[in-house]
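A short worksheet on the structure shown next.
The values are calculated or read from the model by the stated rules, or taken from the named source; none is laboratory data. Just so it is clear, the model here is predicted, and its values are computed rather than measured. Cβ sites come from the backbone with ideal geometry, for glycine too, and all protein chains shown count toward neighbours. These area figures cover heavy atoms from the full protein model, side chains too; ligands, DNA and RNA do not enter into them. Shrake-Rupley method; radii C 1.70, N 1.55, O 1.52, S 1.80 Å.
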Amino acid sequence: MNILIINDFSFVNGGASQVAILSAIGLASSGYGVTYFSAVGPPDPRLAESGVEVVCLGQSEILQDSNRVRAAVWGIWNLPAKNGFDKILNNFDPSNTIIHLHSWTKALSSSVVRVAIQRRFKIVVTMHDYFLSCPNGSFLNYQQSVICKRDPLSIGCCFTDCDSRNYLQKCWRLLRQLVQQRFGMLPGSIKHFIAVSSFSKDILRPFLPGDATLHQVNNPVSVMKTSPVKVSENNTYIFVGRLSKEKGCLLFAEAALRLSVKATFIGGGELTNQVLDIYPEAHVTGWLPQDKMQTYLDSARAMVFPTLWYEGQGLSVIEALARGIPVILSDTSASREMVRNGISGLWFKRGDLQDLIEKMRQMSDPEFAKRMGKVAYEDYWSSPCTLERHIKELECCYSRILGQAKG
């Protein structure tokens, strides 16, 4: 079996890329022929070290491309990526090859999907977000900070200014979504999808082909089993992720300010300065390698995951639970499936500052936090999200897909 992994980035800059890279490494280590196709580098050196063949086009992320005309065009239909992937496919046989699509909206576009479908390759898509149906990928109205209930590409959707930037950007996203559906053949011509949570699967199922098969494969994390963090001895609340509006970082900053607690933001993004304007005492580390992030987690009383959108499956939440750190998270996040409310962590009402403050205040009790952290640790390690487990689940998924192909 040969596996072609498609992802916008060949380095870790978020959850989708982390999962794509870890799975490529794990599959190659299990003896499979793995090719990793991406637009934006530099490639993570672990890929080549594991025997993965890396094909990186050396392009820019569309948001970072200084040539804005090119970015606008390639963001909708990246012809060089399509041609490059078409050339790669000459080396593979559709009967024993799986194409696994992770992300495509930041650089590659749906053009790479069309060429694979035309050549009768079997494709499986991991649904890390909601770009298969929603133009902005989140079902979030950024202007009003509310969950959007409109049908994607409906008249109501088209005339709603919901983009994080402006309505002109929304119009571009609408055009991209139309091209993706009609020319990229996504999701209409795909028969296999991987859901990372039951929550996100239920949201996306109505927008997928009626005859599609949905496989559930949990995301892997690279966490060694160590002694649980002594959360009762700590007093810092941790946020991990991009500092952007949909992640709820400003909400957490305001709550931390009101409670005058220590707050550490691990990550970076366009709202870094706003976070510090709200709470100058907050510590913003920027993006950190895994080993350094673990050092900060050692000082945590709890992790706060205040996302305003549905999310998919937050890797930082899994990593916190694996360390015995209780999590306070939004009740509309898919990650709530991993946290037993009032037992291994706390849910708060999405976007509700007072409710978040109350939940953080509850966690300020050392014995309360210790009890929840103990359950979080035991729950996670009773069924850990290891890379080995992830690879076994992928192997079963791929075998079923190719078995159906042969039939």
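Observations on the structure shown:
- When residues of the stretch 101-117 are limited to those that are outside any loop (DSSP other than H, G, I, E, B) and among the hydrophobic types (A, V, I, L, M, F, W, C), the one nearest to residue 10 (Cα to Cα): 101
- For the stretch 129-156, the tally of residues that are within 14 Å of residue 244 (Cβ to Cβ) and touching a Pro at 6+ places or on another chain (Cβ under 6 Å) stands at 0.
- Top-ranked residue of the stretch 71-90 - restricted to ones that are aromatic (Phe, Trp, Tyr) and in contact with a helix residue (DSSP H, G or I) (Cβ under 6 Å, 6 or more places away or on another chain), ranked as least open to solvent (accessible area, probe 1.4 Å): 85
- Test: residue 7 is among the polar types (S, T, N, Q) and surrounded by fewer than 18 Cβ atoms within 10 Å (Cβ to Cβ): no
- Some residue of the stretch 224-240 being open to solvent by less than 10 Å² (accessible area, probe 1.4 Å), closer than 18 Å to residue 15 by Cα and either assigned to a strand (DSSP E or B) or polar (S, T, N, Q) (or both): yes
- Residue ID - surrounded by the fewest Cβ atoms within 10 Å (Cβ to Cβ), chosen from residues in the stretch 152-184 that are in contact with a helix residue (DSSP H, G or I) (Cβ under 7 Å, 6 or more places away or on another chain) and over 25 Å from residue 208 (Cβ atoms): 161
- Of all residues in the stretch 159-176, those that are polar (S, T, N, Q) have Cβ atoms under 8 Å from Cβ atoms of residues that are assigned to a loop (DSSP other than H, G, I, E, B), 6 or more apart or on another chain, in 160/148; 160/150; 164/136; 164/142; 164/244; 169/163.
- Within the stretch 335-348, the presence of a residue that is out of contact with any Leu (no Cβ under 9 Å at 6 or more places or on another chain) and within 13 Å of residue 304 (Cα to Cα) is excluded.
- Check on residue 39, open to solvent by less than 30 Å² (accessible area, probe 1.4 Å) and at pLDDT below 95: no
- Exactly one residue out of 187, 220 is under 30 Å from residue 283 (Cα atoms) and open to solvent by less than 40 Å² (accessible area, probe 1.4 Å): that is 220.
- Lone qualifier among 316, 344 - being within 16 Å of the chain's Cα centre (by Cα), closer than 21 Å to residue 375 by Cβ and not charged (D, E, K, R): 316
- Residue selection: residue 125 satisfies the criterion of being in a strand (DSSP E or B) and open to solvent by less than 40 Å² (accessible area, probe 1.4 Å).
- Count - residues of the stretch 346-374 that are in contact (Cβ under 8 Å) with a residue 40 or more places away in the chain and either more than 26 Å from residue 145 (Cβ to Cβ) or not hydrophobic (A, V, I, L, M, F, W, C) (or both): 11
- Test: residue in the stretch 184-200 that is touching a Ser or Thr at 6+ places or on another chain (Cβ under 6 Å), part of a loop (DSSP other than H, G, I, E, B) and farther than 27 Å from residue 25 by Cα: yes
- The stretch 135-151, residues that are more than 15 Å from the chain's Cα centre (by Cα) and either crowded, with 22+ Cβ neighbours inside 10 Å or not in a strand (DSSP E or B) (or both): 135, 140, 142, 143, 144, 145, 148, 149, 150, 151
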